[in-house]
Amino acid sequence: MHSTNQATGSIIEAHFLELLKSFKTATLVTRDFGGQHGRPMAIAQVDDDGTLWFLTDIQSGKVAELAQDARVLVSLSESDRYVVMTGEVDIVRDPAKAKDLWKEPFRVWFKGPDDPALTLLRFDPVDGEYWNNAGAQGIKQAFRAAKAYIQGEQLKDVNDPGVHGRVVR
């Protein structure tokens, strides 16, 4: 992935990936004939290029929807940190990769990494955007908001890659 701003591109990419790797769950929004359908999903792995891996049941509704339209939206949020990405999902049947991604908490849904129902979803992002108002970034943002309020002004977007950035593949 690369940022749309060349001057701060590597900083934005680094913030994006650091933030992305901090999430444990995501909402995967697929399309079906009736519209969109969002589902919370445990993240199995985040690759260094922003690719996300999920485990699911081959018989699930999401797999049927993805077979018809692989375009999805992935939304992540937690404690004043947010990421939204669009891209496509590939349905992957790879027992070796399933073993590599396996974590014991997945046993809630599957018998093990060799479960015949287990399939992988590989999300390849096309673009993404993040907002980070947690920790020190949140304190800076709160200070800017308080200052704007006291001065009777509206808070303006600040070009701070620690707070907000957009990346495109």
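Taking the average, over residues, of other Cβ atoms within 10 Å as the packing measure, peptides 48-57, 33-42 rank 48-57, 33-42 from highest down.
With θ taken as phi - 60° and the Karplus curve 6.51 cos²θ - 1.76 cosθ + 1.60 applied, the whole-hertz 3J(HN,Hα) list for the stretch 65-75 is 5, 5, 5, 8, 8, 7, 6, 9, 10, 10, 10 Hz, x standing for glycine and proline.
Using θ = phi - 60° in the Karplus curve 6.51 cos²θ - 1.76 cosθ + 1.60, the 3J(HN,Hα) couplings for the stretch 79-90 round to 6, 6, 10, 9, 9, 10, 9, 10, x, 10, 10, 9 Hz; x is entered for Gly and Pro. For the peptides 91-102, 72-83, residues were scored by their other Cβ atoms within 10 Å and the scores averaged per peptide; the highest-first order is 72-83, 91-102. Summing Lys and Arg as +1 and Asp and Glu as -1 over all other residues whose Cβ lies under 15 Å from the Cβ of Gln59 gives a net charge of +1.
Near the amide H of Ile43, within less than 5 Å, lie the amide hydrogens of Thr25, Ala26, all on another chain or at least 5 residues away, with H placed in the peptide plane.
Near Asp127, the amide H atoms lying under 5 Å from its own belong to Thr86, Arg169; only residues 5 or more places off or on other chains count, and H is placed 1.01 Å from N. Per-residue 3J(HN,Hα) values for the stretch 10-23, derived from phi via the Karplus relation 6.51 cos²θ - 1.76 cosθ + 1.60 with θ = phi - 60°, read 5, 5, 5, 4, 5, 4, 4, 5, 4, 5, 4, 6, 8, 8 Hz in sequence order (x marks Gly and Pro).
Taken together, the values in this text are just the output of simple stated rules run on the coordinates, not laboratory data. Keep in mind the model is a prediction, meaning the values are calculated, not measured. Methodologically, a virtual Cβ is constructed for each residue, glycine included, from the backbone with ideal geometry; neighbour enumeration extends over all protein chains shown.
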